Amino acid sequence: MGNKKIKINNLIKYSYNTFNNDNPEDVQSNARKVAEAFCKLIILSFYGEERGNNIIFSQDREWNKRLKVGKFRQINKQELPASILLKVVIYTDYINNEISSEKKIDLKRALELIVFKGNSSAHESSPIIMDSDDVIITQKILTKILRWLFLDFLKTEIPDELIAYIGKYDIFLSYHHTDIEWINLLEENLKAQEYTIFRNEYNITSGGKTKQVLQNAIDKSKCGIIIYPSSKDNAKWVKDEIEWMREKQKRDSDFKIIPIAINSQNSIENIDISYIDFTEKNYTEAFNELICAIKGIPALKNHIKNKIKTPKKELNLEEPVGSIPVNSSFYIKRYSNKKAMYNLKGKYTLIRIKAPSQYGKTSLLKRLIHTSKENNYLVVYFNFGELDKFLLRNLEKLLTFMCNIISYELNTPIYLNPKIAKLLTPKTKTTKKIEKILSKLPAPLVIAIDEADKLFEYKDVSDEFFSLLRAWHENSKSDPLWEKLKIILSHSTEPLLGISNINQSPFHNVGVGIEIQPFNKKEIDTLAKKYNIFLKDDELNIIKEFLGGHPYLTQQTFFTMAMENKSLSNIIQESDNRNSIFKKHMQHYLLLVRDNPKLIKVLKDIIQNKKTTDDKSCYILEATGLIRDLNNRFQFSCKLYKDFFTRRLQNNRL
């Protein structure tokens with residue numbers, strides 16, 4: 001029998017004697033022997049039997065020098081005392097590098113307590129005598145370190161002799177080797193939540209008794225987690241596992257069966273039991289649901305106690321640049337989506353999407369276009385930000401261009417009698433052309449215009465163009481043919497800086513206005529979970545106050561936290577640094593206000609908590625998203641803006 005096997009048998013024997021005894025002196029003696037066997041077993045396992053024995057018997061030069069072992073002990077090949085063996089274990093590379101610092105501290109304290117409380121060996125002097133309270137404490141400590149030794153270090157099942165004292169497994173983990181990478185991650189995350197795991201790869205020894213070992217382990221477990229295999233070929237094996245667990249559940253009603261789907265649902269379609277679906281949900285959200293299922297509570301709040309890791313494939317994040325793709329999992333649907341979709345399907349559709357820069361106008365517009373196509377509507381898309389200036393500053397050229405594009409995209413030729421066309425104004429001519437197109441179409445036509453605000457720079461053209469759209473919209477209320485036309489416009493509120501009259505906006509009271517709002521607290525929490533970030537309530541309050549729910553800034557923050565493993569507090573602390581993730585965004589606001597003394601005066605008044613009477617400047621700043629009206633008093637939209645402009649105005653850095 002190998003030296004390591006002897007140590008395991010000794011450890012089991014002394015552990016059994018410790019648990020099965022209430023006499024302080026006996027517990028003291030046996031606990032110390034457990035600690036010695038524990039330390040020797042780790043040394044032999046990590047260094048191998050040859051070098052391990054040399055270390056134990058004072059024959060390893062490196063460790064002798066490190067531990068300052070006396071010459072007499074080396075010459076006589078004496079065993080190191082428990083207190084020295086403990087140092088070897090704690091300084092071992094495995095303990096230092098492979099387990100968490102908290103676990104290492106717990107392990108060190110537990111062993112020290114046992115070694116020095118059980119100090120009755122001739123190796124040491126001045127023993128500390130145990131009392132009845134120490135017996136209970138020692139047995140609890142032994143339970144902790146023995147579970148770690150067998151389940152985490154040796155990766156084997158708890159010996160039958162000790163199962164009654166050490167306790168059951170928290171979780172029986174059933175899976176197939178084809179999903180090994182995913183299982184490794186799940187096991188690591190469950191252990192981070194301080195659950196003990198039975199896992200057949202580690203806990204089953206050879207000998208053809210797999211079924212018996214699995215059934216025994218199920219009997220010793222508090223719940224069973226079954227990972228449905230990604231391969232359909234493995235479904236029969238999964239069904240066998242479920243049957244064994246159901247038999248256990250008949251004997252023990254507290255035993256929980258928790259199935260998990262991690263890949264294709266095809267492999268579980270014939271299994272009649274509900275499951276936690278990791279294929280549809282965000283990993284962290286699904287993991288929280290799993291923890292709640294283990295605890296037997298509803299998954300209404302976050303119950304993940306310690307930080308978890310997520311699958312590497314979920315680290316393929318989308319950098320928040322430009323609009324969010326239609327199929328992106330990082331898009332948050334809000335009330336504005338619901339309202340826009342409802343009006344898209346109704347009659348007399350003219351939808352105006354408006355918001356400050358980087359609020360998600362184009363992302364919403366693209367989703368409306370996508371839904372239109374799903375409903376078999378015909379769609380023609382224009383982005384005025386891509387048009388040449390010669391088109392934007394000439395109404396007739398702009399309208400001719402748009403009619404030609406619509407005709408081309410829909411493969412619907414337009415013909416007007418040239419003699420009659422010469423007599424028509426550009427707006428009337430365009431109306432006749434659109435009328436002819438609508439009459440030939442089998443389905444509604446959606447004209448979608450992004451960055452419509454680019455036309456604001458050319459006031460004469462914009463007034464005429466938007467009045468034409470208004471007229472078409474009014475036509476739809478009385479003419480069934482014009483009901484087929486649906487218009488969607490997206491524009492930023494920031495160009496209103498150039499409008500002298502507050503009520504001069506060409507979109508004033510036309511169609512249905514969709515004003516995209518900042519994220520609320522719930523939406524921030526939902527977005528965080530999509531990045532596998534679980535925030536506590538106070539952290540949600542902090543980010544809501546600091547960013548004001550700004551969609552882009554919130555997205556950028558979570559992207560940085562996930563990609564660079566930065567904390568929320570670090571990002572906030574670095575918000576005014578040169579390399580801040582908010583730098584470009586704040587420079588944009590600097591350019592908007594730095595040459596406008598009236599706007600700067602309003603910002604100073606807000607910083608000094610003075611009431612401002614410049615309604616026009618307040619309206620302009622509110623349109624940019626920089627300030628907001630709260631109970632008839634203007635304030636900065638978020639702490640980021642307030643801190644930024646406070647620093648610069650105080651230091652004259654505008």
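The values are calculated or read from the model by the stated rules, or taken from the named source; none is laboratory data. These numbers were taken from a predicted model, which means no experiment stands behind them. Ideal geometry is used to build each Cβ from the backbone, glycine not excepted, and the neighbour counts take in all protein chains shown. These accessible areas exclude ligands, DNA and RNA; they are computed on the full protein's heavy atoms, side chains included. Shrake-Rupley method; radii C 1.70, N 1.55, O 1.52, S 1.80 Å.
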Inset, instruction - Could you list, in sequence order, all residues of the range 199-241 that are modelled with pLDDT of 80 or more and either assigned to a helix (DSSP H, G or I) or under 28 Å from the mean Cα position of the chain (by Cα) (or both)? - result: ILE218, ASP219, CYS223, GLY224, ILE225, ILE226, ILE227
Inset, instruction - Determine whether LYS642 is open to solvent by 80 Å² or more (accessible area, probe 1.4 Å), out of contact with any Asp or Glu (no Cβ under 7 Å at 6 or more places or on another chain), free of Cβ contacts under 8 Å to residues at least 60 places away in the same chain and not in a loop (DSSP other than H, G, I, E, B). - result: yes
Legend entry - Qualifying position, being assigned to a helix (DSSP H, G or I) and under 24 Å from THR371 (Cβ atoms), among ILE437, ILE420, ILE449: ILE437
Legend entry - Residues satisfying the stated conditions in the range 327-343, i.e. outside any helix (DSSP H, G or I) and aromatic (Phe, Trp, Tyr): PHE330, TYR331
Inset, instruction - Please indicate, with yes or no, whether at least one residue in the range 624-638 is touching an Asp or Glu at 6+ places or on another chain (Cβ under 7 Å), assigned to a helix (DSSP H, G or I), over 26 Å from LEU317 (Cα atoms) and open to solvent by less than 20 Å² (accessible area, probe 1.4 Å). - result: yes
Legend entry - Which numbered condition THR156 misses (of (1) on the phi < 0 side of the Ramachandran plot; (2) part of a loop (DSSP other than H, G, I, E, B); (3) at pLDDT below 65; (4) open to solvent by less than 70 Å² (accessible area, probe 1.4 Å)): (3)
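Those residues that are under 17 Å from ILE434 (Cα atoms) and in contact with a strand residue (DSSP E or B) (Cβ under 9 Å, 6 or more places away or on another chain), I need them from the range 444-471; list them, please. Steps first, answer last, please.
So in the range 444-471, the residues under 17 Å from ILE434 (Cα atoms) come out as 444-449, 464-471.
Across the range 444-471, the qualifying residues are PRO444, LEU445, VAL446, ILE447, ALA448, ILE449, PHE466, LEU469, ARG470.
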Legend entry - Candidates ILE533, ILE543, filtered to the one that is modelled with pLDDT of 85 or more and either within 22 Å of PHE645 (Cβ to Cβ) or open to solvent by less than 30 Å² (accessible area, probe 1.4 Å) (or both): ILE543
Legend entry - Where TYR348 falls short, out of the listed (1) buried (at least 19 other Cβ atoms within 10 Å of the Cβ); (2) in contact with an Asp or Glu (Cβ under 9 Å, 6 or more places away or on another chain): (1)
Legend entry - Among (1) open to solvent by 40 Å² or more (accessible area, probe 1.4 Å); (2) within 48 Å of the chain's Cα centre (by Cα); (3) closer than 11 Å to LEU80 by Cβ - the single one ARG51 does not satisfy: (3)
Inset, instruction - Go through the range 549-585 and count every residue that is in a loop (DSSP other than H, G, I, E, B), under 17 Å from LYS536 (Cα atoms) and not polar (S, T, N, Q). - result: 2
